[in-house]
Every structure is written in structure tokens, then in C-alpha cells.
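Single-structure report; data block below.
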Amino acid sequence: MDLDLDFMYETFFKILGGISTTLELTILSLLLAAPIAFYMAVLRLNDAKISSGAVRVYVSFVRGTPIILQILLLYSLLPSVLNTIVQTLGINFNVFDAIDPFFYAVVVFSLNTIALLSEVFRSALISISKGQLEAGLSIGLTRFQVYIHVIIPQAMVVALPNICNITVNLIKGTSLAFLMTVKDVLAIGKIAASFGYNYIEAYIDVFFVYIILCTIIQVLYTAAESKISTFRAMHV
Amino acid sequence: MLMQIKNVRKQFNGVDVLKNVNVDVQKGDVIVILGPSGSGKTTFLRCLNFLEQADEGTMQFDTLHLDLSHTSSSDIAKVRKKTAFVFQNYNLFANKTALENVTLGLTAGRHVGKSEALAIGRQALDKVGLSDRYDYYPAQLSGGQQQRVGIARAIAVKPDVILFDEPTSALDPELIGEVLRVMKKLAEEGTTMIVVTHEMKFAQDVATHVIFMDGGVIVEEGAAEDIFVHPKHDRTKMFLKRILPCGGICEEYECR
Amino acid sequence: MNYRPFDPSFLLQSIPALLPYLQITLFVGISSIVFGSIFGILLAKAKLSSIGPLRWLAQGYTYVMRCTPSIVLLFIVFYGLPKLVDGLFNYQIDDWDRSVFAIITFVLLFGAYVSEVFRSAYLAVPRGQYEAAVSIGLTPLQAVIQVVIPQAMIIALPNFGNSVINLLKEGALAYTIGLIDLIGKGNLIISQNFGAYAIEIYLACMFIYWVMALLIEKVFFIIEKRLDKGQTLKTVQTVKQDKKRARLFLIKGVKFHGPGS
């Protein structure tokens, strides 16, 4: 098997350029999803019939359907919906030209991440002993204060490995953003490949870039985990 | 009268856990509540700072008059600002150091400035004998040390009453002494305490008033020597027989 | 693009047209799961082995697969495998059915994911079980097969179920290498209608996948209940208590405290 190694070398650096888009997409989706996911976790824990049920259905739907379909659906749906809104409001705005596909990608991945994160937050919150809340209340703190100072910090440590998983999966998921014409790592690889039909070389490059990305993320999370879980240091 | 609690009733799942409990608390009292498991003593204590809500009852606390079945959250907050609770399994904030555990009630709950809170906190930890453990996390402390931090956390907020829920029941035997010593010191200084415990000697040494509860009612109450040496009711006698180290009613004030 | 209202009837009509192609999706999925599990068991054994290089190889492979997006692997297998086979054996496999490439890709991926599930389940069985077995006279092999592995399987079941559902979802990508499975057919229908009805078709596909996922969850739950002898599953009673606790915890800040001292 002969591989065009020169091509691979050149393309590698072109593809590295796509990392910024991939990372932006990932980080933005995580940041947007986190507060909403947290709110949903709280709704689930309060267990009021309608809101808890709605969250359960939402999470079940997002987790039960492939992300590729979520992308295909929203990419077909969103522009038309926005277009309809813009036209009924009479604004002179060309949705199809003016909006960067990056925006659609963020919407899709955020909606997906919200569902996954809310489950992680929910189980992390449940795992914190009730005695922590009682102790906080008994020295005169409000429930809100106990959450902020005591419960949420502990829940975050419990949740961190799962959040790392979600991040890694999100990075891999963004590889599908090319379907929305976003210029991420895979998109650049495909474009470079199409010039001279060096598909396999390009994809091998992309493969290595993702391994690098993944490793960086895991290193960061491991460092974060050891930093914030000092209070667990010598525990059984 | 610091606190007067009347006619407390509580049911769990249709079972009467508290059937009509009345307790008067004077400033400086050390009230020890004894009784078998299921007698309702912990439930009663938890009703006092609203960790449980009683079905019926009234509380007069300083200038507050409260109906225990319908208490507004602001009144609950007022009571909690004047009381403190020491838990059987310490419930220290796992993500905070000993010092931070003690000062949180001051900085977040009572808007005390940071340096002042730290000073009060250190003083409290010194008082319980943990001056060398300010920056240790609960996971790095023994059970006895954790409970002493729990007590420091309670005294730092300068409550009118401290409630103790079986503070030594979760401790290994050799660690019980250090906690009881701290509690004795507090009692000798005139702290008002309501203590649910099985530690008879502590009760004999320190209590101003002993209450024996069984089946959700107060069976007998009185001064320590009255209960331990001259119990009147049969149920009290049976309980003491099982619990006291000498295996029977103490003829002398101190059981050896 | 014209403004055209959403047409639910088209959605419903398309489902019978799509369902036959679900077979292809399931064929790829089930084959991947079966062969992937075998591969996964071998990998797990390698990771638990005492031969250093074997262990590192298996761990390295798992790590790399975990970092790789399915679509990238799909393209690498689809474009690269024919070249590799051609170079090594001088044999053309370009015209093999697309489903074969899909299955190979997902066997590689599923094997990696599931090897972790198996490995950690095996390690989760207390050492004492094995020790007790050999001390009543079972050979080490018997101890493992009759005592440890059955228990490991129950521990692995929930996570294995999750992996199965994830695999089926990843399998949805197979259309990108030209396989006419559920989504492949869906795209065909869309292009036959000049790009119209995309939303209806994709929604129809999503509902089919959703129902599949729910069914698989249910099936695994039933299997767990039948196999579990009190080891891992909580009883209905404890689940109800947990739910009540969770509710009380947040609403009233109260710990569920039954009649006690």
C-alpha cells in the first residue's frame, strides 16, 4: 500500500487549523448547555408532574435518537423556521446567506448536550448525602446558600469524570458538523482530499488529530479532578 | 424561661411518634433526654429546629410565639439563627476545611466579616482542642475530631441553645471521651444544651434536668439524682436496669 | 426554498416505506454486536493478562478507538481497507457490499467500548468469590467459569445495554458510505421528492430509532431482573424510597426519617 506521505505531512498542518473551530464548537455548546441542564436536573429532582415529565421525555428522545438525525433534522428545520419568522416579522434579512452555519451547529450540539448533562447533574446531586443540607440549614443558612457553598461543589467533583466523557463524545460528535458546512477538522480533511483524491491519507491525518485532541482533553480533566478533589484526598 | 415547648404531636405513616411532649428550658439548663430506640427523642429534637415538622404544638422561644404545625419560613429561619444542632454523624461539610466549616455559618449566614469570622472560628476550634487542625478536611480527621469540629461549628454561631442528637453514638469507644469532655466544659460554662444520649455517666455528671421518654411521651422527668437513684415509674426502672453499667438502680450517686 | 407546511400524513405514510430498510440497519447492528462482543471479550482478556506487551497493546487499542469519531473510522475502513488488502494480498475488495465495511468498522469500535465494560465487571466481582471457589476444590478454570463470570455478566448487563443502544445510534452513520439502510432509504425518498419532506422523513426515522432504543432498554431491564438474585438491582421498595427521599430533600430540605429514636 503506498501512501502519499508528503501530502499527509502538508495536510496535517492544514487540518490542525480546524482544531480551533472544533474546540469553539465544543466549548460553546458545553457552556450554553450547562446552566440549562442544571435547571433541568433540579426540575427532575423536584418531581413536579408536568415539568419532570417533560424533561424525562426530552432526555429520552435525545438519548434514544442518533445525533446524525438530530443534525439532519435541525439543519433542514432551523433555517426554514427562522426564515418564516423573519418574513412574518417583515425584517429584510436573508437567513440563508447571512447566518453562519456555525450557529446551527452550536444549537444542535447544545440541545444534545443539555439532555446528557442533565442526567449527569441529576445523579451527582442525588449522591450527595442529605446530612450536608441538614447541617447547613441547622446553622442558619438558607437552602440556596447551602447549595452554593456545600452541595454543588461536592456534586461537581462527583460529576467530573462523566462530564469528561461527555466532552470527549462531544468532540467526536462535532466531526459531523461538516454536514452543516462548518469548517471543522474533518471538513478541512475532506476538502484537502478532494483535490487529488488522497482520501485515505487525509482521513488518517484527521484520525491522528482527533487522538491528539482527545488526549489533551483527558489530561486537562485529570488535572482538574485532582485539583478540586483535595478534600477527598485521604478518604476511604 | 428561655424556651417553652408544649403539646408536641407527630405522626409518621399513621404511627404516633410523639404523643404530647412538653418541655421547659431555662437559660443554662443542661437537659438530657434518655429513652429506648423508637421513643421519639430524636424526632422531638429535630422538631425543635424544624428539621422535622411537628403536626401539633407550640413553641415560645424568647420573644417568638410559634405554632409548630404552621410555621412560616422566616420564623423557622429565626429559630435556626438562635439554635445550633450537633448531629450523630457529624455532617461536616465535606468540601471545606475545619476552619471553613466553623466560619461558614458566620460569613454566609450572619454576614460577619471574614477576619472577624476567622478569629471566632479559631477560638471555637481552640476551645474544642483542635488548634492544630484548622486546615484539615473532614476526611483527614478521626470521628472524635470531626464531632468536635461539629461542636465548634455550633458554638461559633453563639446560639441560645445547642441541640445534640446522640453526639457520641457513631464514635469508636476510645473517641467518646474527648467529645464528652468538650460537652462537659460547655455545660460548666453555662451553655444551654438539650442532649439526646445514651451516655449515663455524662447525664449524671452534668445534667440539670433529665427526661425519660418512651413511646412518644415523657414518662418521667426530674433532677439527675431523682431519675437515676429514685426512679418512680416501672418503665423507667426497666430502662435503667438495661442501660446502667451496674446492672441495677444505682444506690450511690456515682456508679463505679 | 419555498415555504411549505409540515405534512404529518406524509410522515405516517413514509414509515411503511422505510421499515423494510430497518432490517439492514438491524443486520449491521446485530452482526456488529455479536462479533464485537467476541472481539471485546478477547480484548478484555488481553487487558487482564499478565503479559505486559499484550496488555499495553489492548489498552492502547481501546484508547485510540475511544478517541476516534465513528465517521472517521468508517471512512478509513471504507477507503483504506481495500487499498490495504490490495497491497498485501493483491485482492480487490472494492465491490464488496457496503454493509461489510460498516460491520467491520463497528466491530472494531464496539469491541473496544465493550472490552472496558467486561473488564471492569470482571474486576468488580469480589476476589473472595474466586478464593471460596478454589478452596472447596474447584480448579481455577472452573472457578472462573462457574462462579466469577456469571456474576460479572450481571454486573456488566446495564452498561452492556447502554453500549448496544449507542452502537445502534452510531450505526446510523453507515449511510455516509452509501449503505441503503433506514436513513439511506430516507435520503433516497427525499431526493426523489426534489429535496422536499426532509423534516418529515427525518422525524420518522427518529421515531423509529427512539422506539427501538426504548424497547432495548426495556428488554435489558427485564433480563436484569430475571438474572439478578439481589446483587445489584434495588428492589421496588428501595427505589420508591429513594424517589421519595430525593423529592423531600429538595422540596422541604428534610431527610426522610422514619420512626426511630
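On the basis of being more than 12 Å from chain A (Cβ to nearest Cβ), within 29 Å of B:E52 (Cβ to Cβ) and assigned to a helix (DSSP H, G or I), does B:R148 make the cut?
Considered against the rule, which asks whether it is more than 12 Å from chain A (Cβ to nearest Cβ), within 29 Å of B:E52 (Cβ to Cβ) and assigned to a helix (DSSP H, G or I), B:R148 comes out as yes.
The rows are residues; the columns are (1) at pLDDT 90 or above; (2) closer than 26 Å to A:L72 by Cβ; (3) out of contact with any helix residue (DSSP H, G or I) (no Cβ under 6 Å at 6 or more places or on another chain).
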residue	(1), (2), (3)
A:N169	yes, yes, yes
A:A192	no, yes, no
A:E201	no, no, no
A:V209	yes, yes, no
A:I216	yes, no, yes
A:L220	yes, no, yes
A:K227	no, no, yes
Evaluation of C:N193 against (1) under 17 Å from C:F6 (Cα atoms); (2) within 23 Å of the chain's Cα centre (by Cα); (3) surrounded by fewer than 18 Cβ atoms within 10 Å (Cβ to Cβ) (one fails), failing number: (2)
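From B:I194, B:I155, which residue is at pLDDT below 95, buried (at least 21 other Cβ atoms within 10 Å of the Cβ) and not polar (S, T, N, Q)?
B:I155
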Restricting the stretch B:123-141 to residues that are part of a helix (DSSP H, G or I) and closer than 18 Å to B:E189 by Cβ, the residue that is farthest from the other protein chains (Cβ to nearest Cβ): B:D126
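Grab the helices (runs of 4 or more DSSP H) fully contained in the stretch B:1-115, keeping just those with 3 or more residues being within 12 Å of chain A (Cβ to nearest Cβ) and farther than 13 Å from A:S138 by Cα.
B:98-110
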Of the criteria (1) within 25 Å of B:K185 (Cβ to Cβ); (2) at pLDDT 90 or above; (3) β-branched (V, I, T), which one B:T58 fails: (1)
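What about C:K45, is it out of contact with any strand residue (DSSP E or B) (no Cβ under 8 Å at 6 or more places or on another chain), more than 10 Å from chain A (Cβ to nearest Cβ) and surrounded by fewer than 17 Cβ atoms within 10 Å (Cβ to Cβ)?
Details: out of contact with any strand residue (DSSP E or B) (no Cβ under 8 Å at 6 or more places or on another chain): yes; more than 10 Å from chain A (Cβ to nearest Cβ): yes; surrounded by fewer than 17 Cβ atoms within 10 Å (Cβ to Cβ): yes.
Yes; evaluated as a whole, the condition is true for this residue.
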Residue selected from the stretch C:56-98 under the condition more than 9 Å from every other protein chain (Cβ to nearest Cβ) and charged (D, E, K, R), by the criterion surrounded by the most Cβ atoms within 10 Å (Cβ to Cβ): C:R98
Single residue of the stretch B:57-87 satisfying the filter (in contact with a Leu (Cβ under 8 Å, 6 or more places away or on another chain) and among the β-branched types (V, I, T)) that is surrounded by the most Cβ atoms within 10 Å (Cβ to Cβ): B:V86
Index of the failed condition, A:G173 passing every other in (1) of a type in the set (G, A, S); (2) in contact (Cβ under 8 Å) with a residue 12 or more places away in the chain; (3) closer than 24 Å to B:Y134 by Cβ; (4) facing chain C (nearest Cβ under 10 Å): (3)
The stretch A:114-158, subset of a type in the set (A, V, I, L, M) and over 28 Å from A:V62 (Cβ atoms), residue surrounded by the fewest Cβ atoms within 10 Å (Cβ to Cβ): A:I148
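The values are calculated or read from the model by the stated rules, or taken from the named source; none is laboratory data. It should be emphasised that the depicted structure is a prediction, and the values quoted were computed from it without experimental measurement. Using ideal geometry, Cβ is built from the backbone for each residue, glycine included, and neighbour counts are taken over all protein chains shown.
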